[in-house]
Structure formats: C-alpha cells, structure tokens
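Student: Got a structure here, written out as structure tokens. Questions coming.
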2 protein chains.
Amino acid sequence: MLIVQKFGGTSVGDLERIANVAKRVAKTKKEGNAVVVVVSAMSGETNKLVGYAEHFSKNPARAEMDMLLSSGERVTASLLSIALQEMGVDATAMSGRKAGILTDNIHTKARIQEIDPTAMHNLVKEGKVVVVAGFQGVNEEGDITTLGRGGSDLSAVAIAGALEADLCEIYTDVTGIYTTDPRIEPKAKKLEKISYDEMLEFASLGAKVLQNRSVEMAKKLNVNLVTRSSFSDEEGTLITKEENIMEKPLVSGIALDRNQARVSLCGVKDRPGIASDIFNTLADADVNVDMIIQTKSVDESTNIDFTVPVGELIDAKVVVDVFVKKGEIKSDSYNEDICKVSVVGVGMKSHAGVAAKAFSVMAKENINIHMISTSEIKISMVIDEKYAELAVRSLHDAYELEK
Amino acid sequence: MLIVQKFGGTSVGDLERIANVAKRVAKTKKEGNAVVVVVSAMSGETNKLVGYAEHFSKNPARAEMDMLLSSGERVTASLLSIALQEMGVDATAMSGRKAGILTDNIHTKARIQEIDPTAMHNLVKEGKVVVVAGFQGVNEEGDITTLGRGGSDLSAVAIAGALEADLCEIYTDVTGIYTTDPRIEPKAKKLEKISYDEMLEFASLGAKVLQNRSVEMAKKLNVNLVTRSSFSDEEGTLITKEENIMEKPLVSGIALDRNQARVSLCGVKDRPGIASDIFNTLADADVNVDMIIQTKSVDESTNIDFTVPVGELIDAKVVVDVFVKKGEIKSDSYNEDICKVSVVGVGMKSHAGVAAKAFSVMAKENINIHMISTSEIKISMVIDEKYAELAVRSLHDAYELEK
C-alpha cells in the first residue's frame with residue numbers, strides 16, 4: 001500500500017515525540033508499505049513566530065508571514081528525516097516547493113491549485129520515505145505561500161490524491177471520531193467508518209479533529225482518510241465514500257456546538273428584498289449566519305431569527321443596528337445561552353422517523369426547541385445551553401449509539 | 001549609493017535588536033541610498049537547531065541539515081522586512097533562492113557559483129529595500145544549500161559584487177579592525193582603511209571579524225567592504241584595493257594567534273620525499289600545518305619543526321607516531337605553550353628594515369624567537385606564549401601604531 005501519514009503539531013511537539021513518530025513511520029515502511037509523511041510545525045513554534053511578527057506590526061505583510069511561518073514545518077521535516085535515517089530508513093525531507101505543491105497567490109490563505117507529484121513519486125519508487133513540510137506551497141512566481149488553518153491536513157490530502165495513495169492517515173491526539181463527545185456521554189463509541197458527508201456535518205458542527213476544507217478535498221479526490229492518535233496503536237476512524245460503508249447506521253452520531261448565539265429581529269419591515277439586504281450586509285461583515293427562521297406574527301409583522309458564532313455576535317449587532325436606525329427593524333434581541341444539538345447519519349436518507357424521534361426525545365425531557373434545521377443527513381436543533389448535556393445523552397440513548 | 005548591509009547573529013539577536021537594525025536600515029535608505037540587507041539567524045537559533053539534529057544523529061544527512069538550518073535566516077529576514085514595513089519603509093523579504101544565489105552541490109559547505117541579481121535589481125529599482133536571508137542558496141536541482149561558517153558574510157559580499165554595490169557593510173559587535181587587540185594594548189587604534197591582502201593576513205592570523213573566504217571574494221569581486229558595529233554609529237574600517245589607500249603605512253597592525261602548537265621532529269630519516277610523505281599524511285588527516293622549518297644538525301641528521309592549531313595536535317600526533325614506529329623519525333616533541341606574533345603591513349613591500357626592527361624589538365625584550373616566516377606583507381614569529389602580551393605591546397610601540 002501507498003500510505004500518506006500526516007502528523008500534527010502535538011504529535012511532533014518535542015524531540016521525544018518526533019522520535020516516536022519516526023518509529024511509527026519506520027514500522028509502517030517495514031510492513032511493506034510505501035510511505036509519504038507530511039508534518040506540521042512543532043506545537044508552539046507557529047504561535048511563537050506569530051508573536052515575533054506581532055511585536056513589530058499589528059498587520060504584518062502576508063508574503064513575509066508566509067516566509068516566516070513556513071520555516072516551522074521545514075524544521076520538523078528535516079528533523080524527522082534525520083531521525084528516520086538514523087534508524088536505517090532511507091528518508092528524504094522536502095519543502096512544499098520540492099513536493100510540487102502549486103498554490104494561488106492568496107498569501108497566508110492560499111489554495112492548492114495543482115500538485116506535480118513527479119519528485120515524490122520518483123523517490124517513493126526508489127524505496128525512500130518522503131517527508132514533506134506541510135502547510136506550504138509556492139505560487140506561480142515561486143514565492144512561498146501557506147495554506148491557512150488546518151493547512152497541513154490539506155497538504156496531506158492533496159498529496160494523497162496526487163499520488164493516488166491507498167490511505168491518508170491524519171494523526172492527532174484523539175483516537176478517531178466518536179458517536180458523541182465522550183466527556184459528555186461516557187458511553188460514546190468510536191466509529192469504525194463514516195462517510196465524507198457525515199464527517200462534513202460533524203466538522204461544521206464543531207468536531208475539531210478535521211476541518212471541512214480537508215474533508216471536502218478528500219471527498220473530491222476520493223481519498224480514504226483515517227483519523228487516529230499518534231499516542232496509541234488503536235485503530236482510528238475511516239472516512240470514505242458512502243458506497244464503501246456496507247452497514248449504514250441510521251444515525252452515526254450526535255454533535256454539540258456551544259459556540260452559537262441567537263439573534264432575534266422583531267417587526268422587520270415588510271418590503272421586498274429586506275431579508276436579502278440584511279443577510280448580504282452580514283456576509284459583507286464576515287458574519288457567518290447558520291440557521292435562519294422567518295415567521296409572520298398574528299399582527300402580520302415579520303420576525304427573523306438566526307444563529308451566528310458567538311465570536312461574530314458583536315459584528316452582527318453592528319449590522320443589525322443600521323437597520324434598526326433606518327426603522328426597518330422594530331426591535332432586536334440576542335441570546336448567547338443557546339447551543340446547537342445535531343443528529344447526523346446517512347441512514348436518514350432512506351429512513352423516515354429519525355427526525356420525529358429526535359423531537360419526541362426533546363419533548364420527553366421537557367427541552368424546548370427554539371429552531372430546527374434539517375438536511376438530507378442531519379437534524380439540528382437550537383436549545384437552551386443548560387440542556388446541552390441532557391439532550392446529547394438522551395439522543396445518544398434513543399438512537400442506541402452505544403451499541 | 002547602492003549599499004549592501006549585512007547583520008550578523010548578535011546584531012539580530014532578539015526582537016529589540018532587530019528593531020534597531022530596522023532603524024539603521026531605514027536611516028540609510030532615507031539618506032538617499034538604495035539598500036539591500038543580508039541577515040543571519042538570530043544568535044542561538046542555529047545552535048539550537050544543530051542541537052535538535054544531534055539529538056537524533058551524530059552525523060545527520062547534510063541535505064537535511066541545510067533545509068533545517070536555512071530556516072533561521074528566513075525567520076530573521078521576514079521579521080526585519082515586517083519591522084521595516086511598519087516604519088513605512090517599502091521592504092520585501094527574500095530567501096537565498098529568490099535572491100538568485102546558485103551554489104554547487106556540497107551541502108553544508110556549498111560554494112556560490114553564480115548570482116542572478118535580476119529579482120533583487122528590479123525591486124531595488126522600484127525603490128524597495130530587499131532583505132535577503134543569508135547563508136543559503138540553491139543547487140542546480142533546486143535543493144537548498146548552506147554556505148558553511150561565515151556564510152552570511154559571503155552572501156553579502158557576493159550580492160554586493162553581483163549588484164555592483166558601492167559598499168558592503170558587515171555589521172558585527174566590534175567597531176572595526178584595530179592595529180592590535182585593544183585588550184592587550186589599550187593604545188591600539190582603529191584602522192580607517194586596510195587592503196584586502198592585509199585583511200587576509202589578519203583573518204588567517206586569528207582576527208575574528210571576517211573570514212578569509214569573504215575577504216578573498218571581496219578582493220576578487222572588487223567589493224568595498226566595511227566592518228562596523230551595529231551597536232554604535234562609529235565609522236568602521238574600510239577594506240579595499242591597495243590602490244585606494246593613499247597613505248600606505250609601513251605596518252598596519254600586530255596580530256596575535258595563541259591557538260598554535262609546535263611539533264618538533266628530530267632525526268628524520270634522510271630519504272628523498274620524506275618531508276612530502278609526512279606533510280601529505282598530515283593533510284589527509286585534515287591537520288592544517290602553518291609554519292615549517294627544516295634544519296640539518298651538526299651530525300647531519302634532519303630536524304623538522306612545524307606549527308598546527310592546538311585543536312589538531314592530537315591528530316598530528318597520530319600521524320607522527322606512524323613515522324616514529326616505521327623508524328623514519330627518531331624522536332618527537334610537542335609544545336602548546338607557544339604563540340605566533342605577526343607584523344602586517346603593505347608598506348613592507350617597498351621598505352626594507354621592517355623585519356629587522358621586529359627582530360631587534362624581540363632581542364631587546366629578551367624574547368627568544370623559535371620560528372620565523374615571512375611573506376611580502378607579513379612577518380610571523382613563534383615565541384613562548386608567556387611573552388605574548390609583551391611582544392605585542394613592544395612591537396605596537398616600535399612601529400608607532402598608536403599615532
């Protein structure tokens with residue numbers, strides 16, 4: 001098998017951990033696999049460098065930031081390669097440039113345009129373990145770019161796609177994807193397999209293991225993704241095509257997002273395009289609106305409710321204020337003490353009654369549902385935050401996820 | 001003027017110092033000059049990275065070391081560029097690659113083959129300050145290489161040559177080249193100008209401000225080099241063509257090298273090629289032999305005396321032992337308690353009596369001279385180490401260098 005293994009900052013956090021990573025890579029190689037490794041900067045390094053830059057400027061130039069930050073991954077790649085060589089594994093370190101990662105020109109948030117895997121491919125064919133500095137590429141002018149948050153995961157997935165690897169293992173400090181947060185529900189079970197779409201829902205619902213960008217790319221490139229822990233030998237969770245999952249469970253897991261706030265607008269002026277105006281202005285202010293509900297009251301006035309991440313609430317207020325002052329909104333109110341509980345599962349597509357069960361669980365527990373939104377494979381409910389754990393545990397129970 | 005300014009590790013040792021360097025660069029630019037800056041890694045960074053690598057391997061692969069170590073200079077270049085931008089100076093950071101520095105393939109000790117200054121040239125023409133990561137280049141395959149000890153100085157001199165800069169300023173923590181070590185002779189004076197050849201003698205005699213490689217390259221490329229301190233505004237010392245120095249002093253300075261040991265071989269077998277055998281074997285063992293004296297005793301047996309750096313004495317002994325065991329050397333003795341005092345000056349070329357004066361000064365002070373070697377512009381004398389300071393001060397006095 002050709003396996004791409006990606007190790008995040010915590011997994012390469014100090015020299016001892018890099019040595020452990022080397023052992024794991026050596027073992028994978030020894031078992032007869034071809035291995036390409038993608039590494040992050042040692043944990044803390046990137047923050048240190050950002051701190052240095054911020055000492056000089058609140059808004060440092062992005063091209064300079066890319067040159068600055070990309071150095072961290074190069075250090076880890078070199079060290080891991082040296083560690084592997086010392087263990088007798090034929091390894092070679094590569095920058096993003098050498099690995100053939102071409103990006104667009106958006107410094108600090110570049111997108112991978114293309115990967116020329118020739119160099120990696122040739123070395124792999126020679127039997128070498130290739131260790132690539134993640135998070136970075138070069139633009140057409142040959143300037144270093146970085147891929148933004150979660151960039152090393154993206155590097156790994158894109159490389160796995162370009163090399164047509166059999167597997168792309170993402171090593172972090174958690175062992176995989178669980179039916180729900182085990183800190184809330186100790187009976188939570190690790191999932192053996194999960195579809196891309198389910199993972200996308202989990203990721204956008206606050207699961208921190210993988211970012212949406214990486215899962216989307218894995219789906220697009222048809223990369224079999226595994227999240228597992230670099231600190232244990234436990235099997236992880238395979239994220240793959242829905243077709244590859246034989247026994248599709250009705251519900252895969254329960255996600256909880258506490259990081260939501262609710263904005264309620266009462267008495268919204270009844271003119272064409274008012275909703276579009278409000279939400280476009282919010283988008284221009286970089287406010288990510290999630291759930292939206294529009295209702296008409298008995299007095300024929302319109303109310304609009306929506307949720308935003310807590311951190312963007314202040315920006316949302318600024319936007320809303322403008323409409324209030326123009327007299328297009330009668331009153332506004334805000335509530336940070338809410339959370340979003342979601343039931344995710346591909347099985348929902350073909351089974352009715354999944355949503356009904358969720359609602360009846362909430363009813364049985366006397367939990368009031370403020371907002372509901374559904375997709376083909378997800379039901380999200382906004383409830384008071386104080387009920388968060390109770391809701392998660394009750395749903396976990398109701399769908400028998402501990403089995 | 002187009003000025004290349006190079007700042008060493010101590011000069012960019014922390015964020016405050018980088019801010020000071022930025023001020024100096026900004027001032028130079030404001031005075032109407034075009035400026036290209038070359039920086040080293042922050043002091044301590046390179047040693048830290050070497051320590052990391054040595055944690056894994058006593059003999060880490062050199063390509064990996066180059067990728068590892070080159071990151072330090074990139075960090076400094078990015079940070080300095082950010083600091084300059086914040087001060088309103090239009091600056092841009094560059095890796096060695098972007099600066100067009102092409103080297104041979106000898107990782108960790110690469111030699112600059114060629115510089116394509118187009119990128120730097122264009123940016124300088126646009127009025128930008130270009131900040132280049134020193135110490136590094138790329139080989140023909142595009143792999144990162146580093147230039148070995150003193151590499152950032154080399155980068156600066158080579159860039160100054162390629163850009164035909166008017167001046168290449170090397171900033172360190174010392175203010176320039178002195179007639180002798182001021183810690184030994186407080187009356188020592190800073191030299192305003194000195195020729196390349198004199199500087200080469202000083203450098204090979206242990207002056208730590210500049211390495212021979214950099215001075216040689218400056219001479220070859222006809223680069224006007226200035227060594228000065230980044231911690232004061234004091235003028236430094238200009239190192240330039242002999243023709244540019246109008247008033248050639250008889251003697252420019254007195255150099256002292258304590259780092260020498262003497263090897264004495266008695267009763268060397270009288271066969272053709274024996275000396276060549278001994279010194280070739282020493283060269284193969286990486287022992288740098290400096291002064292050599294061969295004498296015949298009254299009994300017709302040959303004695304050979306030579307000096308080596310103290311650190312290479314053990315290796316020299318190993319080589320000598322082989323010849324002793326073969327019976328080709330009767331006896332060997334070693335003396336670490338010696339030093340080499342040298343009188344350097346281009347004026348010697350045209351003036352007789354400089355050497356004679358040195359010998360008479362030694363005689364007057366009752367200092368026994370063990371070995372003598374001379375070049376066109378230098379007289380070196382090996383004496384007992386205990387007389388080192390006395391010899392330096394007496395010579396400094398005799399040639400009236402305090403004037």
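Student: So which of B:Gly148, B:Gly137 is small (Gly, Ala, Ser), under 24 Å from B:Thr108 (Cβ atoms) and part of a strand (DSSP E or B)?
Tutor: Result of the check over B:Gly148, B:Gly137: B:Gly137.
Student: Name, by its number, the condition in (1) surrounded by 18 or more Cβ atoms within 10 Å (Cβ to Cβ); (2) touching an Asp or Glu at 6+ places or on another chain (Cβ under 9 Å) that does not hold for B:Ile304.
Tutor: In the conditions (1) surrounded by 18 or more Cβ atoms within 10 Å (Cβ to Cβ); (2) touching an Asp or Glu at 6+ places or on another chain (Cβ under 9 Å), B:Ile304 misses (2) alone.
Student: Still on this model: Which number in (1) under 20 Å from B:Ser95 (Cβ atoms); (2) touching a residue at least 40 places away in the same chain (Cβ under 8 Å); (3) surrounded by fewer than 24 Cβ atoms within 10 Å (Cβ to Cβ) marks the one condition that A:Glu45 misses?
Tutor: Answer for A:Glu45: the failing condition is (2).
Student: Also: Can you tell me which of (1) in contact (Cβ under 8 Å) with a residue 12 or more places away in the chain; (2) more than 16 Å from B:Ile245 (Cβ to Cβ) is the one B:Asn222 doesn't meet?
Tutor: Only one criterion is unmet by B:Asn222, namely (2).
Student: For segment B:297-329, enumerate the residues that are aliphatic (A, V, I, L, M) and touching a residue at least 60 places away in the same chain (Cβ under 8 Å).
Tutor: B:Ile329
Student: For residues that are within 25 Å of B:Ile18 (Cα to Cα), among the aliphatic types (A, V, I, L, M) and within 22 Å of the chain's Cα centre (by Cα), tally how many sit in segment B:82-125.
Tutor: Going through segment B:82-125 one residue at a time, the tally reaches 1.
Student: In segment B:334-375, which residues are surrounded by fewer than 19 Cβ atoms within 10 Å (Cβ to Cβ), of a type in the set (Ser, Thr, Tyr) and under 17 Å from B:Ile292 (Cα atoms)?
Tutor: B:Tyr334, B:Ser373, B:Thr374, B:Ser375
Student: Scan segment B:195-202 and give yes if some residue there is surrounded by fewer than 17 Cβ atoms within 10 Å (Cβ to Cβ) and either over 25 Å from B:Lys317 (Cβ atoms) or out of contact with any Asp or Glu (no Cβ under 9 Å at 6 or more places or on another chain) (or both), otherwise no.
Tutor: Checked against the condition, which is being surrounded by fewer than 17 Cβ atoms within 10 Å (Cβ to Cβ) and either over 25 Å from B:Lys317 (Cβ atoms) or out of contact with any Asp or Glu (no Cβ under 9 Å at 6 or more places or on another chain) (or both), segment B:195-202 yields no hits at all.
Student: OK, next. Of all the strands (runs of 3 or more DSSP E) wholly in segment B:276-385, which have at least 3 residues that are closer than 25 Å to B:Ser252 by Cβ?
Tutor: In segment B:276-385, the matching strands (runs of 3 or more DSSP E) lie at B:338-344, B:369-375, B:378-384.
Student: Still on this model: Restricting attention to segment A:18-28, does a residue exist that is closer than 18 Å to A:Ala133 by Cβ, more than 24 Å from the chain's Cα centre (by Cα) and not β-branched (Val, Ile, Thr)?
Tutor: yes
Student: Still on this structure, please answer the following. Do any strands (runs of 3 or more DSSP E) lying entirely in segment B:1-105 carry at least 2 residues that are within 14 Å of chain A (Cβ to nearest Cβ) and farther than 25 Å from A:Thr76 by Cα, and which ones are they?
Tutor: In segment B:1-105, the matching strands (runs of 3 or more DSSP E) lie at B:91-94.
Laboratory data are not the source of any read-out in this text; all were calculated from the coordinates shown. Fair warning: this is a prediction, and the values are worked out from it, not measured in the lab. Methodologically, a virtual Cβ is constructed for each residue, glycine included, from the backbone with ideal geometry; neighbour enumeration extends over all protein chains shown.
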